[in-house]
Each structure stands twice: as C-alpha cells, then as structure tokens.
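See structure below.
The values are calculated or read from the model by the stated rules, or taken from the named source; none is laboratory data. Quantities reported herein were computed from a predicted structural model and do not represent experimental measurements. Every residue, glycine as well, gets a Cβ built from its backbone with ideal geometry; the counts of neighbours run over all protein chains shown. What goes into the accessible areas is simple: the full protein's heavy atoms, side chains included, and nothing from ligands, DNA or RNA. Shrake-Rupley method; radii C 1.70, N 1.55, O 1.52, S 1.80 Å.
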Amino acid sequence: MTVPYDAQTSIASLVDQLATLMTGRGQTLATAESCTGGMIAAACTDRAGSSAWFERGFVTYSNEAKQDSLGVASELIERHGAVSEPVVAAMLEGTLAHSPADWAIAVSGVAGPGGGSEDKPVGTVYIGWVARSRPPEVVRYQFEGPRDEVRSQSVVAALVGLRERVDAS
C-alpha cells in the first residue's frame with residue numbers, strides 16, 4: 001500500500017488538523033516510534049503551540065529500548081519479532097502506562113534498504129493507535145519505495161489514522 005503524500009504540505013496539514021481536534025477536546029498524544037525514529041513526534045512539535053496537545057515521544061529503536069522504556073516483554077519480541085502486531089500493541093500499552101496522554105501512536109517496521117524477510121519484506125510497517133480505556137488497533141502496511149519514502153509514508157499513515165480515530169471518538 002502506498003500512502004500519497006507531499007512531505008512539505010501533507011504532514012503539516014495533518015498536524016494542523018490534529019492540533020485543532022485534540023485541543024478542542026482537551027486531549028493529548030504520546031508516541032512510541034521505532035522505524036520512524038521520532039519523525040512523528042518531530043512533525044507534531046514542529047507546530048507552534050503543540051505543547052497544548054503533544055505530551056511526549058519515545059524513540060525505541062532497539063529491542064532493548066522497547067523493553068526498558070515501554071515494558072515490552074522480551075519473550076514477545078522473541079516470539080513475534082519487533083515488527084509485529086503484538087509488539088506494537090505492547091508498545092501502545094507501554095506508552096500509555098508511562099505517560100498521562102489520552103492517545104498513543106506506536107510504529108515498528110522495516111524501512112530498508114536491508115533487514116527484510118520473506119514474511120516481512122522491506123516496507124512492512126505496523127502502526128497502532130489507542131485511546132485510554134479502549135482496545136488498541138494495529139494495522140499492517142506494506143509501503144513501497146526507498147527508506148525515506150517508507151518512513152514518510154509511515155508518518156502520514158500514523159497521523160491520518162489518529163485523525164480518523166480522534167474524529168470518530
């Protein structure tokens with residue numbers, strides 16, 4: 001799946017929409033990012049006034065960081081791999097457990113150019129969203145393109161997914 005985007009306008013526009021939605025509802029966001037390396041948090045905090053709705057971001061690139069910062073069980077990573085629905089769901093849980101935020105986004109994937117496998121080729125990205133007191137939702141994406149495009153498409157998909165979920169709540 002390819003998420004169309006123009007990194008200069010689409011991401012900023014999505015953040016503007018989220019800022020309006022989140023501040024209007026008095027809600028906050030925390031992120032847990034692996035393959036995007038903090039790009040979602042950076043996109044949110046690029047907007048002036050983001051401290052009203054962006055609470056914090058965890059960059060948990062390594063498996064150890066996922067365990068130490070978010071409490072993801074090593075057995076879960078060993079059983080399913082860091083790039084998996086169960087690990088992203090655990091990252092969401094850990095993000096809410098380690099922050100007062102109302103919403104969380106978590107991302108783990110294979111951005112490339114190496115690191116892919118037959119069942120998780122380059123471009124495989126799991127993105128999850130959760131609101132407090134609700135079950136997490138995790139979606140598997142298969143993005144195309146080089147590393148920077150996979151990462152940018154992941155940011156767009158994460159922000160679009162959050163906007164849709166906040167708007168529906």
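Scanning the range 132-168 for residues that are without any contact (Cβ under 8 Å) to a residue 60 or more places away in the chain and of a type outside the set (Lys, Arg) yields SER133, PRO135, PRO136, GLU137, VAL138, VAL139, PRO146, ASP148, GLU149, GLY161, GLU164, ALA168. Going through (1) touching a Lys or Arg at 6+ places or on another chain (Cβ under 6 Å); (2) hydrophobic (A, V, I, L, M, F, W, C); (3) over 29 Å from ASP167 (Cα atoms) one by one, LEU76 falls short only on (1). Scanning the range 30-47 for residues that are open to solvent by less than 10 Å² (accessible area, probe 1.4 Å), out of contact with any Lys or Arg (no Cβ under 9 Å at 6 or more places or on another chain) and either of a type outside the set (Val, Ile, Thr) or on the phi > 0 side of the Ramachandran plot (or both) returns GLU33, CYS44. Residues in the range 132-159 that are closer than 23 Å to THR28 by Cβ and open to solvent by 40 Å² or more (accessible area, probe 1.4 Å): ARG132, SER133, ARG134, PRO135, PRO136, GLU137, VAL139. When ALA41, ALA65 are screened for being free of Cβ contacts under 8 Å to residues at least 60 places away in the same chain, assigned to a helix (DSSP H, G or I) and in contact with an Asp or Glu (Cβ under 8 Å, 6 or more places away or on another chain), only ALA41 passes.
Does the range 16-29 include one or more residues that are at pLDDT 95 or above, among the aliphatic types (A, V, I, L, M) and in contact with a strand residue (DSSP E or B) (Cβ under 6 Å, 6 or more places away or on another chain)? Checking the range 16-29: at least one residue is at pLDDT 95 or above, among the aliphatic types (A, V, I, L, M) and in contact with a strand residue (DSSP E or B) (Cβ under 6 Å, 6 or more places away or on another chain). Residues in the range 14-29 that are outside any helix (DSSP H, G or I) and open to solvent by 10 Å² or more (accessible area, probe 1.4 Å): GLY26, GLN27, THR28. Annotation: of all residues in the range 75-131 being of a type in the set (A, V, I, L, M) and assigned to a strand (DSSP E or B), the one that is surrounded by the most Cβ atoms within 10 Å (Cβ to Cβ) is ALA106. Contact map, the range 51-62: first residue on the phi < 0 side of the Ramachandran plot, second residue charged (D, E, K, R) and assigned to a strand (DSSP E or B), Cβ cut-off under 9 Å, separation 6 or more or different chains; pairs are GLY57/GLU33; PHE58/GLU33; VAL59/GLU33; THR60/GLU33; TYR61/GLU33.
Just one of the listed residues (GLY114, GLY123) is touching a strand residue (DSSP E or B) at 6+ places or on another chain (Cβ under 9 Å) and farther than 30 Å from ARG25 by Cβ, namely GLY123.
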